Structures are given as C-alpha cells and as structure tokens.
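Everything on this sheet refers to the single structure shown next.
The values are calculated or read from the model by the stated rules, or taken from the named source; none is laboratory data. These figures come from a predicted structure and were not determined experimentally. Glycine also receives a Cβ, built like all others from the backbone with ideal geometry; neighbour counts cover every protein chain displayed. Keep in mind that these areas ignore ligands, DNA and RNA; they rest on the heavy atoms of the full protein, side chains included. Shrake-Rupley method; radii C 1.70, N 1.55, O 1.52, S 1.80 Å.
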Amino acid sequence: MEDNSGLDRRDALKKLLAVGAAVPLTGACARPPQAQDALMSLTPRQLAGQRVIFSYSGLHVPSSLLRQIRAGQAAGVIFFGGNISSEAQIASVIRQLRQAQRQSPVASPLLLMTDQEGGLVRRLPGAPVLSAKQIGASGNPAAAASQAGTAAGKNLAGVGMNVNLAPVLDVYYKSGNFIDQYQRSYSSEAPVVSSCGQAFITAQQQTGVAATAKHFPGLGSATKSQNTDTGPVTLHVSLSGLRNKDEVPYLAAIAAGVKLVMASWAVYPALDPASPAGLSSAVIQGELRGRLGYQGVTITDAIGAGALSAFGSSGQRAMLAAQAGMDLVLCSARDPAEGQSVVTALAGALDSGQLDSGTFNAAVQRVTALRCSL
C-alpha cells in the first residue's frame with residue numbers, strides 16, 4: 001500500500017500554484033505556424049536555453065538563475081534533496097520560478113523536475129514508498145507499479161513539479177550490482193521490467209506529470225563499481241543481449257507514450273565503440289529513434305558526470321550531446337554557472353554553424369511541445 005498521508009495538503013498547495021499558473025502568457029503554446037514564428041524570433045542564446053535544465057544549491061533560488069529564466073534562456077530546473085525542506089517551502093520556490101518565467105519572452109512553462117523513483121531514491125517526502133525491486137517482487141507487480149506511478153505523480157504535482165526522472169528501466173543482471181544495490185531495478189527479467197515500467201508511466205502521466213524512462217539502452221549489466229557518475233564505464237553486452245534484454249522495456253515505455261527518455265553515459269561497443277550512449281548518434285538516432293521509433297524528448301544524464309572526463313568542458317560535452325541527438329542537457333552541478341556555460345556553448349555552436357539550425361530547431365520544438373503538454 002502507498003502512503004497517501006499529506007495528499008490533502010498537497011492538493012491545497014496545488015490549488016495555490018494553479019492561481020499563478022492561470023495568468024495568460026503572450027503566445028503561450030501557440031500552434032503552427034504561430035509556434036514556428038515564435039521560435040524564429042528567439043536569439044541564439046534563447047534558443048540554446050530551451051535545451052538546458054539548470055540546478056542550484058540550498059533552499060533559495062539564486063538571483064542569477066531567476067535572471068536566466070526572465071531572459072528566456074532556461075528550459076527548466078531540477079531539484080535535489082538539499083533544495084527541499086518542506087512541501088510548503090518548495091511550492092513557494094516553484095511559484096517564484098513560475099513568476100520569473102511569466103516575465104520571460106518564452107511562453108511555454110518551465111520543466112520542473114526531480115528524481116522520485118521510490119524507495120531510497122526520493123527527493124520529496126512521501127510517495128512512492130516502495131522501491132522498484134519491492135514492486136517487482138510483489139504479488140501483482142503491474143498493479144503495484146501503477147499505484148506507485150499515480151502516487152508519485154500526485155506528490156510531485158502537489159508542489160508544482162511536472163516531470164519525474166523515473167522510472168528506471170534497467171534490467172539488472174546480478175544481485176547487488178550497480179543498479180540493484182539500491183533496489184532501483186524492478187527485476188532481472190525484462191518482461192517484468194516492461195510491465196512495471198509501462199504501468200508506472202501510464203499511471204503517472206495520467207496525473208499530468210511527465211515520466212522519464214532511463215538509462216537507455218540500459219545499465220543493468222554494470223557491476224557494483226561501474227558508476228558513470230564517477231568515471232568511464234564500458235559495458236560489453238552483445239548486440240543481441242542489448243536488443244533482447246536491456247532495450248525490451250523501452251518498447252513498452254514507448255507504446256505507453258513516455259514523454260522523455262534519458263540516455264546512459266556508459267559506452268556500449270556493440271553499438272558504438274568510442275562514445276558514451278548520450279554522445280552517440282548511433283545509439284540515439286540509430287537505435288532509439290530509428291530502430292525503436294521513439295519520437296519524444298531525449299535528455300542527458302548529468303553533463304558533469306565523471307564518465308565524460310575525456311570529452312572536454314561541460315559546454316563541449318553539451319555540443320557533442322546535441323550533435324548526437326539529445327534534446328535536453330541536464331546541468332546538475334547545483335550551480336547555475338554550469339547551465340550558463342552550456343547555453344553559451346550551444347549558442348556559439350548554433351551561430352557558427354557547428355550545430356545545424358534545422359536540427360537544433362526541431363529539438364527545441366520537441367521540448368516546447370513537451371512543456372506545452374504539461
């Protein structure tokens with residue numbers, strides 16, 4: 001059973017947030033050709049900002065981040081446990097961020113996200129209480145996953161967030177390995193992960209909160225010490241292994257209409273021997289979009305990850321990710337300066353022609369469509 005305590009309080013907070021959200025925005029979520037016209041009016045820095053998720057440290061939003069948002073140079077914000085002291089506090093922060101966005105030339109609402117997987121990985125107090133592994137081992141995994149998805153969505157929506165960086169679709173290979181040690185995987189069996197992931201996604205997105213399937217094409221084979229946050233990781237899984245096990249849950253997630261997919265920072269030699277998945281066109285354009293037919297928004301894992309140590313600055317990494325087909329760059333160093341450096345790099349690459357303007361605008365349009373759907 002999920003813990004529903006506090007949901008009435010969250011409903012009240014949500015109503016307060018809705019008052020602010022109801023203020024009309026000039027050209028908000030316009031439909032083509034108006035949307036295309038609005039896009040054409042943005043500067044390169046504003047266009048670049050539509051592809052960057054910012055972060056900050058502490059309980060108060062830095063003035064530099066508010067300025068970035070007012071300037072129309074941010075797509076959203078990710079929240080961590082250190083940003084949250086209570087539901088009322090984070091709801092107040094979100095009202096402040098929304099107010100800044102209303103002063104922006106960009107009409108679509110911010111993407112306001114966190115990792116609320118369940119179990120040990122929760123940034124907000126409350127649901128979902130069960131871990132993915134507990135759900136997968138329950139008597140009716142799909143029903144438990146659906147209940148968790150609904151509860152997660154209500155929890156996030158109650159404080160004004162609209163994106164959950166969950167569920168994890170990694171199919172773990174060995175007990176106690178990287179993804180299993182914190183009970184983040186539903187199962188070692190792909191069909192169980194598929195059914196649970198699909199149920200969680202469907203239920204959560206019915207609450208108005210977008211789901212994120214991660215970490216494509218899969219971290220289930222990573223050993224306990226293979227952590228892309230801290231250093232490079234290469235996963236020697238055969239192509240048939242990837243396609244018949246690791247990637248299977250993504251077919252179910254795509255069928256469920258998952259709105260975001262997060263790519264892994266591991267290298268998969270069976271797909272691309274040189275580049276981490278999120279920097280690889282073969283993985284993102286070839287495998288995810290081409291073979292699996294995914295048409296939604298792609299998002300990187302943390303651009304400051306240790307796995308990318310050989311790929312230059314955050315700005316250089318972001319440019320490589322954009323070239324590979326990643327729509328959103330996640331800047332989670334808890335410092336707005338990281339996001340600002342990425343905006344500068346992407347804008348410069350767009351201006352110089354290093355990044356194709358048509359491809360760049362298509363990514364912005366996907367992100368804008370997501371923002372307008374929430």
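Quick look at the numbers
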| read-out | value |
| --- | --- |
| Sole residue being in contact with a helix residue (DSSP H, G or I) (Cβ under 9 Å, 6 or more places away or on another chain) and not in a loop (DSSP other than H, G, I, E, B), chosen from 171, 93, 129, 106 | 93 |
| Segments classed as strands (runs of 3 or more DSSP E), wholly inside the range 262-339, with at least 2 members that are without any contact (Cβ under 8 Å) to a residue 60 or more places away in the chain, open to solvent by 40 Å² or more (accessible area, probe 1.4 Å) and not aliphatic (A, V, I, L, M) | none |
| Single match in 194, 138 (criterion: in a loop (DSSP other than H, G, I, E, B), out of contact with any strand residue (DSSP E or B) (no Cβ under 6 Å at 6 or more places or on another chain), open to solvent by 10 Å² or more (accessible area, probe 1.4 Å) and more than 28 Å from residue 56 (Cα to Cα)) | 138 |
| Filter result for residue 150 (among the β-branched types (Val, Ile, Thr), touching a residue at least 40 places away in the same chain (Cβ under 8 Å) and out of contact with any strand residue (DSSP E or B) (no Cβ under 6 Å at 6 or more places or on another chain)) | yes |
| Condition check for residue 210: in contact with a strand residue (DSSP E or B) (Cβ under 7 Å, 6 or more places away or on another chain), open to solvent by less than 10 Å² (accessible area, probe 1.4 Å) and among the hydrophobic types (A, V, I, L, M, F, W, C) | yes |
| In the range 109-126, the residues that are at negative phi and assigned to a strand (DSSP E or B) | 111, 112, 113, 114, 116, 117, 121, 122 |
| Test: residue in the range 343-351 that is surrounded by fewer than 20 Cβ atoms within 10 Å (Cβ to Cβ), more than 18 Å from residue 55 (Cβ to Cβ) and within 19 Å of the chain's Cα centre (by Cα) | no |
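Every residue, every condition in (1) within 18 Å of the chain's Cα centre (by Cα); (2) touching a residue at least 12 places away in the same chain (Cβ under 8 Å); (3) over 30 Å from residue 43 (Cα atoms), yes or no:
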| position | (1), (2), (3) |
| --- | --- |
| 81 | yes, yes, yes |
| 94 | yes, yes, no |
| 100 | no, yes, no |
| 112 | yes, yes, no |
| 117 | yes, yes, yes |
| 121 | yes, yes, yes |
| 134 | no, yes, yes |
| 142 | no, yes, yes |
| 146 | no, yes, yes |
